[in-house]
Structure formats: structure tokens, C-alpha cells
Amino acid sequence: MTSAAPSDAESARPPTFTFNYERAFSRNIGWVTPEEQQRLRRARVAIAGLGGVGGAHIVTLSRLGVANFNIADFDEFDVHNMNRQAGAFMSTMGQQKLQVMQRMALDINPESNIRLFPEGVQDHNLDDFLKDVDVYVDSLDLFVLPTRRKVFKRCRELGIPAMTAAPLGMGSAFLYFSPTGMSFEEYFKLEGQPSTDQYARFIAGLSPSMLNRKYLVVPESVNFKERRGPSTSMACELCAGVMATQVLKLLLKRGPLRAAPWGLHFDAYRGILKQTWRPGGNAHPLQRLLVSLIKPLLRGD
């Protein structure tokens, strides 16, 4: 007796898949050992800001197998996010970035434990945001420098390694701040400076080599007063790749990471990789010169 042929409805039904952590991330094995993969699984990463780089960070780290996150953002997706933000789709317009990126991370790993901070990072929740964290991944907007300073300061006080990767042009500039090395404030030298000078120092410190400057073809697109500037998805994806690699090295203790005043800048457009070293941070003569060149641009002179 033969079995009945499946109906059209049964044939159209998608196959059922069951999530299994070891199978889901089995293609990582070879670059990491099974034991190291479990260490990544147990790690907790804090990410502040889920826009261009932050959204790419949580997706890339989730695909690496990191399963625990503290994430903070208060913003919603808008159409102008479409060119670069991992969670920006027409179907997500007007939705909270925090909720969208949580869904995406859980769609990669349903076992993820994700703590949400829908107010963003504030004075009253900073310690909770950094609770149980192995590494802080900075992806705050450029224009929230006061909050960024507070987060890096508290990371140092709590002994938490902190990293930032800036999307510049079509490349990424990376800095690592060890809890026992040069601090964020010692490197950038922001204390006591006027607001415009602080941002000039921050930009100069992020990118001592300024590799992206030579191919900015519409200079007026950078408008500090309106808090806007050009961006690319390539830069955000490069930031996520660089960041996840450094997070992996840190969590798995895969050799030393060069902390500030060392920096790394890769520009894919120009095909240039530079490791920078600025003893004294922005007190270095080359940095003082760079800051003096950036300040008039920020003022619109």
C-alpha cells in the first residue's frame, strides 16, 4: 500500500529547524577551538549606540557566538539611516533601534541574553549598563562626547577594557583603552577645553593619520553646527570586522593588544593600513598641529 502524495500545502511548508549553538557556530571552529567558542559564548559585551557601527557590532559579535549583551539606545530608525545602519529597512522605519537590533541578535542566536537600556546611557544607569561586562564596545554618536567621556572613565574605574572604532570615509580607525594603560582623558586631553576644541581633539585623536581626508569630494557635507556628516556602509562594516577581531583577541587572550597611544587606521578606498603612535596623545606636537587645522573647520571658518 503506497502512502498518499503530500498536498500542495504540505509541500509549500518551510522545513523546521532547531537551533543548536554548537552547530550554528561550527564554522568558527578552526579559527577558534571548541573550548574558546564556549568562552565567547559566556562573555558579555556592552554596546552603547546601535546606529551605523553599533548595529553592525551586535550582528557581527552575535555571529561570532557572543551570547550576552548589554545594549543601549533611545533612538528610532528613520529613512536617512538607510545607507549604513544594519537594522534600517522600510519595514523598521519608526521602530526603536534597541528593539530591532535585539530581534536581529535573537534571530541569530535565540539563546542570547540581552539586557536593554532604552534611555540610552545615563548617569543613573551607567553602573547597571556596565554590570558583568567583559569589554565595552563604544559606538556612541560623535556628538555625545560628554556621555562618552563618562563611560570611558567609569570603565577604567571598574577595570573594564574599552574599545572604539570610528567609521571614517571608507575605512575604520581603531583605539583600545586598557584599564591599566593610558586613559581616554590622558590620550585626548579634553579636560578644561571649550566644546569646539574638545571635538577637534577627539577627531584628531581618533584619526592621527587622517587617511580619509583626501577623497572628501563635497566638503560642505560636513556641517558641525548642524551635527551631520557623510557616512558609508563600507566604513561601518569595516569597523565591525576590526572591532570583533580585537574583542576576540581580548576575550581569548590571544596575544597582546596595542593600547593607546597606539592606534590603527585602515582605509579601503586608498588601500592603506597605518599603525599610529602618539606618545602623550594629543599633547604630541603632530597632534597639536592637527588639532589647530581641525578647529577652523568645525567653526565653519
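The values are calculated or read from the model by the stated rules, or taken from the named source; none is laboratory data. Everything quoted here is computed from the prediction, not taken from an experiment. Cβ atoms come from the backbone with ideal geometry, glycine included; neighbour counts cover every protein chain shown.
Brief remarks on what is shown
- For T276: the one exception among (1) touching a residue at least 40 places away in the same chain (Cβ under 8 Å); (2) part of a helix (DSSP H, G or I); (3) over 23 Å from D141 (Cβ atoms): (2)
- Scanning segment 226-238 for residues that are surrounded by fewer than 21 Cβ atoms within 10 Å (Cβ to Cβ) and of a type in the set (A, V, I, L, M) returns a single hit, M234.
- The residues listed here are P285, P256; of these, the one that is over 30 Å from Q37 (Cβ atoms) and either surrounded by fewer than 16 Cβ atoms within 10 Å (Cβ to Cβ) or not polar (S, T, N, Q) (or both) is P285.
- So D134, is it surrounded by fewer than 21 Cβ atoms within 10 Å (Cβ to Cβ) and at pLDDT 95 or above: yes
- Considering residues of segment 118-163 that are in contact with a helix residue (DSSP H, G or I) (Cβ under 9 Å, 6 or more places away or on another chain) and of a type in the set (G, A, S) only, the residue farthest from K249 (Cα to Cα): G120
- Subset of segment 239-253 [surrounded by 15 or more Cβ atoms within 10 Å (Cβ to Cβ) and more than 17 Å from the chain's Cα centre (by Cα)]: L252
- Scope segment 206-232; condition within 17 Å of L290 (Cα to Cα) and in a helix (DSSP H, G or I); matching residues: L206, L211, N212, R213, K214
- Where helices (runs of 4 or more DSSP H) fall entirely within segment 10-67, those with at least 1 residues that are more than 21 Å from V100 (Cβ to Cβ) and at pLDDT 95 or above are at 21-24, 34-42.
- Segment 77-117, residues that are part of a strand (DSSP E or B) and surrounded by fewer than 16 Cβ atoms within 10 Å (Cβ to Cβ): N113, L116
- Matching residues, segment 233-272, being touching a helix residue (DSSP H, G or I) at 6+ places or on another chain (Cβ under 9 Å), assigned to a strand (DSSP E or B) and farther than 22 Å from F143 by Cβ: L264, F266, D267, I272
- Checking the stated criteria, L273 turns out not to satisfy the condition of being surrounded by 12 or more Cβ atoms within 10 Å (Cβ to Cβ), modelled with pLDDT of 95 or more and under 30 Å from R41 (Cβ atoms).
Residue by residue, here is whether (1) among the hydroxyl-bearing types (S, T, Y); (2) within 26 Å of L61 (Cβ to Cβ); (3) surrounded by 21 or more Cβ atoms within 10 Å (Cβ to Cβ) holds:
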position	(1), (2), (3)
P179	no, yes, no
F184	no, yes, yes
Q193	no, no, no
Q198	no, no, no
L206	no, yes, no
R213	no, no, no
F224	no, no, no
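- Pairs with Cβ under 9 Å, 6+ apart, first in segment 43-57 and crowded, with 24+ Cβ neighbours inside 10 Å, second of a type in the set (F, W, Y) and part of a helix (DSSP H, G or I): A46/F129; A48/F129
- Checking each residue in segment 61-76 for being closer than 22 Å to A162 by Cβ and either without any contact (Cβ under 8 Å) to a residue 24 or more places away in the chain or buried (at least 22 other Cβ atoms within 10 Å of the Cβ) (or both) picks out L61, S62, L64, G65, V66, A67, F69, N70, I71, A72, D73.
- Lone qualifier among S183, S233 - being in contact (Cβ under 8 Å) with a residue 24 or more places away in the chain, in contact with a Phe, Trp or Tyr (Cβ under 9 Å, 6 or more places away or on another chain), farther than 21 Å from L298 by Cα and among the hydroxyl-bearing types (S, T, Y): S183
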